[in-house]
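Working notes, beginning with the structure itself.
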Amino acid sequence: MNNSTFNPTQQQKDISSKIVAGLERVSEVFKILLWEKAKLFGLSPIQIQLLIFIAFHKQELCNVSHLAKEFNVTKPTVSDAIRVLHKKGMIEKDFSSSDNRSYLITLTDSGKKLVDATNDFASPLKKQIDTFDENKLESLFATISELIYKLNRNGILTVQRTCYGCTFYQKNKATDYCNLLQKELLTKEIRLDCPEYEEKAVG
């Protein structure tokens, strides 16, 4: 118990513990900011997250199965949220796929207006991050993107679309290269959520 990451004494001895504790604090910021928007518009946080995701991602990712993986919740939880959003006229269900048991989800005009009003929920956090200089931002981003990739490879994060896990990504000695764009990638050009992402086969 004394070696717990959340024990302040342990944090003084181990910088990794300090970082984990810091990340927990940052995660609380997301919860607080999301809840503020949710209460303002009479929706739940997961309903707002689903609407924002649907607004900015390709349609084949906008189904119950994928959304459950994306947000690490159960299919019934997503189905319940979608049912409420459908009842409120925020989304439409598209059953035109070959599998008539599943459907794709699209936004209505009301849903798009709601996204316009809520997708800035993380702006207070971004405003603070913007105050760091470019070198610090690039270093922080490099660490975060690598951490996300490692968490995915260890089965903790079920979904990721970062360059490091993509079939088009290639490491050339000290440089990163995208075979789709056919160009070397600067650290700041590594993507965390790439629209062209294709999962790399694990050999």
Checklist entry - Do we find a residue being modelled with pLDDT under 95, open to solvent by less than 40 Å² (accessible area, probe 1.4 Å), assigned to a helix (DSSP H, G or I) and under 30 Å from VAL20 (Cα atoms) anywhere in the range 112-121? => result no
Next on the checklist: When you check LYS88 against the structure, is it touching a residue at least 12 places away in the same chain (Cβ under 8 Å), touching a Ser or Thr at 6+ places or on another chain (Cβ under 8 Å), among the charged types (D, E, K, R) and open to solvent by 40 Å² or more (accessible area, probe 1.4 Å), yes or no?
Outcome noted: yes
Checklist entry - For the range 105-142, how many residues meet the condition of being touching a Gly at 6+ places or on another chain (Cβ under 7 Å) and touching a residue at least 60 places away in the same chain (Cβ under 8 Å)? => result 0
Item to check | Selection count where residues are of a type outside the set (S, T, N, Q), under 22 Å from VAL159 (Cα atoms) and open to solvent by 70 Å² or more (accessible area, probe 1.4 Å), scope the range 122-143 | outcome: 1
Checklist entry - Restricted to the range 169-203, and to residues that are open to solvent by 50 Å² or more (accessible area, probe 1.4 Å) and hydrophobic (A, V, I, L, M, F, W, C), which residue is nearest to GLU134 (Cα to Cα)? => result LEU186
Checklist entry - Which of the residues belonging to the range 144-168 are open to solvent by 80 Å² or more (accessible area, probe 1.4 Å) and modelled with pLDDT of 90 or more? => result GLU146, LYS150
Item to check | THR106 vs. criteria modelled with pLDDT of 95 or more and either in contact with a Ser or Thr (Cβ under 8 Å, 6 or more places away or on another chain) or farther than 28 Å from THR187 by Cβ (or both) | outcome: yes
Checklist entry - Quick one: is THR106 assigned to a loop (DSSP other than H, G, I, E, B), among the β-branched types (Val, Ile, Thr) and either open to solvent by less than 50 Å² (accessible area, probe 1.4 Å) or within 25 Å of GLU196 (Cβ to Cβ) (or both)? => result no
Checklist entry - Quick one: which of PHE71, PHE53, PHE95 is open to solvent by 40 Å² or more (accessible area, probe 1.4 Å) and within 21 Å of GLU196 (Cα to Cα)? => result PHE71
Checklist entry - So, in the range 42-63, of the ones that are part of a helix (DSSP H, G or I) and at pLDDT below 95, which residue ends up nearest to ILE105 (Cα to Cα)? => result GLN59
Next on the checklist: Cβ-Cβ distance below 6 Å, separation of 6 or more or different chains: which pairs start in the range 170-197 with a residue that is at negative phi and among the aromatic types (Phe, Trp, Tyr) and end on one that is at pLDDT 85 or above and open to solvent by 90 Å² or more (accessible area, probe 1.4 Å)?
Outcome noted: TYR177/GLU184
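Residues are listed down the side, and each one gets a yes or a no for (1) exposed (fewer than 11 other Cβ atoms within 10 Å of the Cβ); (2) in contact (Cβ under 8 Å) with a residue 24 or more places away in the chain; (3) of a type in the set (Val, Ile, Thr):
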residue: ASN2; (1), (2), (3): yes, no, no
residue: GLN12; (1), (2), (3): yes, no, no
residue: SER17; (1), (2), (3): no, no, no
residue: GLY22; (1), (2), (3): no, no, no
residue: GLU28; (1), (2), (3): yes, no, no
residue: LEU33; (1), (2), (3): no, yes, no
residue: GLU36; (1), (2), (3): no, yes, no
residue: GLY42; (1), (2), (3): yes, no, no
Item to check | Residue ID - surrounded by the fewest Cβ atoms within 10 Å (Cβ to Cβ), chosen from residues in the range 56-68 that are closer than 20 Å to ASP116 by Cα and within 13 Å of the chain's Cα centre (by Cα) | outcome: PHE56
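The values are calculated or read from the model by the stated rules, or taken from the named source; none is laboratory data. All values reported here derive from a predicted model rather than from experimental measurement. Note: ideal-geometry Cβ built from the backbone for every residue, glycine included; neighbour counts use all protein chains shown. We work out accessible area using only protein heavy atoms, side chains counted, and drop any ligands, DNA or RNA first. Shrake-Rupley method; radii C 1.70, N 1.55, O 1.52, S 1.80 Å.
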